[in-house]
1. Restricting attention to segment A:274-305, which residues are of a type in the set (Gly, Ala, Ser) and closer than 10 Å to A:Val241 by Cα?
2. Kindly indicate the residue of segment A:20-36 that is farther than 17 Å from A:Glu266 by Cα and more than 14 Å from every other protein chain (Cβ to nearest Cβ) and also surrounded by the fewest Cβ atoms within 10 Å (Cβ to Cβ) among those meeting that condition.
3. Within segment A:5-23, can one find any residue that is touching a strand residue (DSSP E or B) at 6+ places or on another chain (Cβ under 8 Å), within 15 Å of B:Met199 (Cβ to Cβ) and part of a helix (DSSP H, G or I)?
4. Against the definition (hydrophobic (A, V, I, L, M, F, W, C) and more than 22 Å from A:Met298 (Cα to Cα)), how does A:Val46 come out, yes or no?
5. Look through B:Ala9, B:Ala27 and report the one residue that is in a helix (DSSP H, G or I), touching a residue at least 24 places away in the same chain (Cβ under 8 Å) and among the aliphatic types (A, V, I, L, M).
6. Identify the single condition in (1) within 8 Å of another protein chain (Cβ to nearest Cβ); (2) assigned to a helix (DSSP H, G or I) that A:Ser192 does not satisfy, given that it satisfies every other one.
7. With the condition kept exactly as written, say whether any residue in segment A:115-122 is within 13 Å of chain B (Cβ to nearest Cβ) and touching a Gly at 6+ places or on another chain (Cβ under 9 Å).
Amino acid sequence: MPAAFPFSAIVGQTEMKHALTLAAVDPSIGGVLVFGDRGTGKSTAVRSLAALLPPIVIAKGSAYNTPPKDGEESETVPTPVVDLPLGATEDRVVGALDLERALTRGEKAFEPGLLARAHRGFLYIDEVNLLEDHIVDLLLDVAASGENVVEREGLSVRHAARFVLVGSGNPEEGELRPQLLDRFGLSVEVASPRDIDDRVEVIRRRDAFDRAPEAFLRKWASADAQHRKLILTARKRLARVTVPDTALASCAELCIALGSDGLRGELTLMRTARALAALEGAPEVTVAHLRAIAPSAMRHRLRRDPLDEAGSGARVDRALAEVFAA
Amino acid sequence: MTPGGAAWADAALAAALLAIDPSLGGACLRVRTGPAQAAWLDLYRRLDPERTVLRLPPGIGDERLFGGLDLAATLASGKPVMTEGLLRSGGARAMILPMAERASAGLAARLAVALDAGCGATLTLLDEGADDAEFAPAALTDRLAFLPRLDAVRMADLTEGVCVEDVRRARALLGRVETPPEAYENFVKVAVTLGILSMRAPLLALAAARAAIALAGETRMNEAAAILAARLVLGPRAKCLPETPPEEDMEEPEEPSAPDDRPDTGEETDPPDPNMGRIPEEILLEAARAAIPPDIIARLLGRQAFAAQSARTSGAGDERKSRAKGRPAGSVRGRLTDGGQLDLVETLRAAAPWQPLRRREGTGDRVIVLSDDFRIKRSKQRTEKVLIFAVDASGSTALSRLAETKGAVELMLGQAYVERQQVALIAFRGTGAEVLLPPTRSLVLTKRRLASLPGGGGTPLAAGLNSALELARSARSRGMTPYLALLTDGKANIALDGAPGRTQAETDVLRLARLVSSEGLAATVIDTGNRPTPAARVLADTMGATYLPLPRADARALAGAMTSALAGG
């Protein structure tokens, strides 16, 4: 696997980088959905972020990325990024009985799937809108519960599967069912940069990276290290950030103003704002935090109005102005 | 040189550049199987002889791609036989994917991941698409530098070009080729002017230019190489004609605003922006322009049709191809109580490998099938609705109520979106009908198409009905349930064959209307006349359709009425 492009060297795409960072601070935010055209650096950003995170320590040889128990031998592996290809079977995703061992030794052994490999890392699905519904359902279920339960051949396997789910896709090729949209924590829309200078800079950096990866990585190493420190510090701070009742009330008001049903919206708003507060080193969640994250947290939860030409981002802005006017 | 000769010379150069720098990804050859295709593949093989050629079967599955257990061999020998994955087994490979225009989105995504992971392989797509609706998956073509079209190439054009020694020399030189800072800017600007939004295109052009310089035995970027790269890499990707200002291109790249300008008439135009008019870019743009396919607009529309199609066929998993078509439909693990239909063969396949183990534990020597093995066909789980809008865009409607008609369609689209129905759009005006959008679930696409629908001309109602019937039949053959919403004032004046004349036109319309009724196509006629017209009423009765006059300036009431009509029918 070739080295990943440095996260800090990605030109622009602020909202996407921010959403991914917040999800890395608090994986319980529930995944990020990235919609945009081809070649806008969606997969680059995901891989970059994972490469920037510190390696994880696992029990030696663990196929489930479990942390070592006391006295157990351990090894360090990079934060996993697992690609989930379209058309992956359920068996490949959740795991299945190991056929080889069943045939050769007559034993029932569980062969972990992609979910086990993604534990404590990222699960990336390109073209998520083309993925079979039953697989998406399954992924979202596991992502929400943090646990994968498989029953096969009288064998019951239960293992932790906590990962940041990142889906990307091109809306022109078909849309995601609203029920699924709603279950992603954050959503961002990306486009390739409009500004010629930015575009030139993208090409220049990419080319420099492709031609001499080591030198390029060295150049950006300190910026990446800084970002890593930011995420790690925020993770530690997260538990200490308080969410005042007024902020919770604002979350609820915002959801009502946007006509988003269910508690999922409120919960995501609260968690994301808290992650942002932790990133910024603030002791408690403020209106400013909510304002900053509301577009990503709410954009995909609006009921689709085909007559409203304004993008969903504009509608969130309008609701923000209303709710926080006072 | 003949057009075919020029096309071949460029394609041959592309093969050489790819042999020099495999990071160019590969090529997508758009041509029917034949000597030109064979000659290109042969040339590439000769220029890069170390590469193992690997032809991927079109319907290749995960086990062949990534490796896995060979079930047949395993059962025969009693011990596991693993197959090596084609993507996993290392080494420099030249992958060839025949019938790329039919590759599934899933296969495309997997190959794209393999290309991105830097597996060192190149990919050649053989795009044998017959018409403008069939193209190799964009997820792959976006990653391949060269998109030569070889349909004009004749036998006499197939000349020898570069030889393998040139390629070897160039490879040794490639690492030393310099890239002046302006080169980045040039390629980016030309790409933007051509409406190419993907950031991969200018990168690939840059790499192609470097390979061309190495091929020429130099290490300095020069104009000739840049021109070649613009022509080979950027031209075929153009999303709009370079006459349009770049700012607008960024907004709506898929909708070329210069409708029928032929790009190859060679008419001189000013560069779009005086600040950008520095010499090299103009030249590069000119070079790229020469390579823009003449049928660009049709191609662009085709691409969108393809996009819509791929969304449809591999979409939400609630729709399966009919078994008669022979594509592997796949079945899913499930319980019989779910009301699904048991896929016996798949169930037995799932049970087969476990037999020794189960026999040891259980009793008897019969085949032991457990509920775990049950495989359920997915086709019966849910049938999809497709709502076909046939919109009268003739002069009589255009004058009075086209805008209102569009409004009504938009409202119904909203409803269709909520219910996850697919929609298709047919417009008829002038002398015939046109399918503006094959069945799709993309609201964005439908709204865009609808907004740009022009009005005027005669009322070829018969042609409109005919198109709707055809679309409905093909939707049925794919297991979907079609509904027709016909928006017209019923005043037909163009016959099915395009000839004017009210009498023949009306006869044709009634004949087709009876077909709608006899084929049991559920329909609603929405009268868009200024006041309810008898003709539309008669049409609705003949079709066995619900009749709704379009209420004046009250599209919402109409959408409500339409929804209840559909729900009842």
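1. First, pick out the residues of segment A:274-305 that are of a type in the set (Gly, Ala, Ser): A:275, A:277-278, A:281-282, A:288, A:292, A:294, A:296-297.
Matches in segment A:274-305: A:Ala275, A:Ala277, A:Ala278, A:Gly281, A:Ala282.
2. Pass one, segment A:20-36, residues farther than 17 Å from A:Glu266 by Cα: A:20-21, A:24-25, A:33-36.
Those still in the list that are more than 14 Å from every other protein chain (Cβ to nearest Cβ) too: A:20-21, A:24-25, A:33-34.
Numbers: A:Leu20: 24, A:Thr21: 20, A:Ala24: 24, A:Val25: 24, A:Leu33: 27, A:Val34: 28.
The residue in question is A:Thr21.
3. There is at least one residue in segment A:5-23 that is touching a strand residue (DSSP E or B) at 6+ places or on another chain (Cβ under 8 Å), within 15 Å of B:Met199 (Cβ to Cβ) and part of a helix (DSSP H, G or I).
4. No: the conditions fail for A:Val46.
5. Numbers: B:Ala27 fails: in a helix (DSSP H, G or I).
Being in a helix (DSSP H, G or I), touching a residue at least 24 places away in the same chain (Cβ under 8 Å) and among the aliphatic types (A, V, I, L, M) holds for just one of B:Ala9, B:Ala27, which is B:Ala9.
6. Of everything listed in (1) within 8 Å of another protein chain (Cβ to nearest Cβ); (2) assigned to a helix (DSSP H, G or I), A:Ser192 misses just condition (2).
7. Of segment A:115-122, the ones within 13 Å of chain B (Cβ to nearest Cβ) are none.
Looking for residues that are within 13 Å of chain B (Cβ to nearest Cβ) and touching a Gly at 6+ places or on another chain (Cβ under 9 Å), one finds none in segment A:115-122, hence no.
To keep it simple, each residue is scored yes or no on (1) modelled with pLDDT under 90; (2) over 30 Å from B:Leu197 (Cβ atoms).
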site	(1), (2)
A:Arg152	yes, yes
A:Asp210	yes, no
A:Phe216	no, no
A:Arg240	no, yes
A:Ser260	yes, yes
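The values are calculated or read from the model by the stated rules, or taken from the named source; none is laboratory data. On a predicted model such as this, the values are computed, not experimentally measured, just so you know. As a convention, Cβ positions derive from the backbone with ideal geometry for all residues, glycine included, and neighbour counts pool all protein chains shown.
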